[in-house]
Structures are given as structure tokens and as C-alpha cells.
Amino acid sequence: MSPSRRFQRLILFTEITLSLAWARVLVRFVSFRRWRGLLGPIDGEGHAQDGAGLSLAMLEQASDIGRQVERVGSRVWFEALCLPRAMAARWVLARRGIPSRTVIGTRPAQGDDPHRFHAWLMVGDRVVTGGAVKDDHLAFARRLSPEARGPHDRH
């Protein structure tokens with residue numbers, strides 16, 4: 001690996017680590033209403049326009065960054081579970097002009113399991129972070145205002 005490539009990897013590692021740390025601080029110590037806007041769109045999974053405007057290179061870069069966020073998140077000295085990982089990946093991708101959306105879901109309670117909720121990040125139709133257990137969870141759907149709904153959605 002060339003010194004230039006090594007330096008780029010070190011910069012990305014540092015960016016991811018700092019983003020994870022900041023996300024963890026927010027999740028742990030700051031009221032949700034104060035940082036909710038940093039999550040960007042929180043939505044369900046399937047939309048027709050998901051891949052619009054995304055090049056193959058952008059999707060590949062998003063997948064690579066997602067893998068690196070997962071890797072760094074499992075090695076940092078603080079707890080960085082699914083939500084801080086999704087937040088960090090979103091911020092890193094946004095700095096590169098790659099749009100993403102956060103998906104939050106739940107599964108039925110199973111005894112004393114504290115991991116009932118799960119967050120993952122999507123770019124287009126690709127899961128970038130949190131994909132390992134996302135299939136066990138049902139994504140919350142965004143509530144659209146009556147004006148934003150299509151004619152087929154009105155009751």
C-alpha cells in the first residue's frame with residue numbers, strides 16, 4: 001500500500017472514530033429532541049426513488065465506508081452499537097455528497113433482551129450499516145401528511 005493510500009486510510013479511520021465518539025456522546029448524554037435532526041430522514045425501507053441520482057461508484061464507496069464503520073465500531077474503547085454506527089456513517093457519507101437515510105425498527109420483546117430496537121443506514125436500496133440483524137426487525141414507517149400522500153393513499 002502506498003504511503004498516500006495509507007494516509008487516506010488513517011484520515012478515514014480518524015474521521016470514523018471521532019464521528020462514532022460524537023454520536024455516542026449524543027445518544028448517551030443529550031436529549032433526543034436536541035439531536036434528532038442530525039439523523040436526517042428516518043424512514044421505512046422501500047421507495048421507488050431510492051437509487052435515483054446514485055452512481056455505481058457512489059454505492060460502492062458507501063458500502064466500503066459502511067464496512068469500515070462496522071469494523072471501527074466493533075474495536076473502539078466505548079460502546080458504539082447500531083445507532084451511533086448509523087449516525088457516524090451518515091455523517092461520513094454526507095461529507096462525500098452521498099445521500100442516505102436512517103431506518104429504525106423493532107422486534108417483539110424476547111425476555112430481558114435489551115436489543116429490541118435496531119437502526120441501520122441505507123444508501124439507495126443498499127444497507128450500509130446494521131444489516132446483519134435488520135431482517136429480524138420491522139422498520140418504522142414515516143407518517144406522511146395528507147398533503148404529501150398520493151391520491152391512492154387517502155382514506
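Take ARG85 and decide whether it is in contact with a helix residue (DSSP H, G or I) (Cβ under 9 Å, 6 or more places away or on another chain), closer than 21 Å to MET122 by Cα and not hydroxyl-bearing (Ser, Thr, Tyr). Let's see the steps before the verdict.
On the way: in contact with a helix residue (DSSP H, G or I) (Cβ under 9 Å, 6 or more places away or on another chain): yes; closer than 21 Å to MET122 by Cα: yes; not hydroxyl-bearing (Ser, Thr, Tyr): yes.
The answer is yes for ARG85.
The residues of the stretch 1-20 that are of a type in the set (Ser, Thr, Tyr) and assigned to a helix (DSSP H, G or I), listed by number, are SER4, THR14, THR17, SER19. When the helices (runs of 4 or more DSSP H) confined to the stretch 21-112 are screened for residues that are modelled with pLDDT of 85 or more, surrounded by 11 or more Cβ atoms within 10 Å (Cβ to Cβ) and hydroxyl-bearing (Ser, Thr, Tyr), those reaching at least 1 such residues are found at 56-73.
The values are calculated or read from the model by the stated rules, or taken from the named source; none is laboratory data. What you see is a predicted model, and the numbers here were worked out from it, not measured in a lab. Cβ atoms come from the backbone with ideal geometry, glycine included; neighbour counts cover every protein chain shown.
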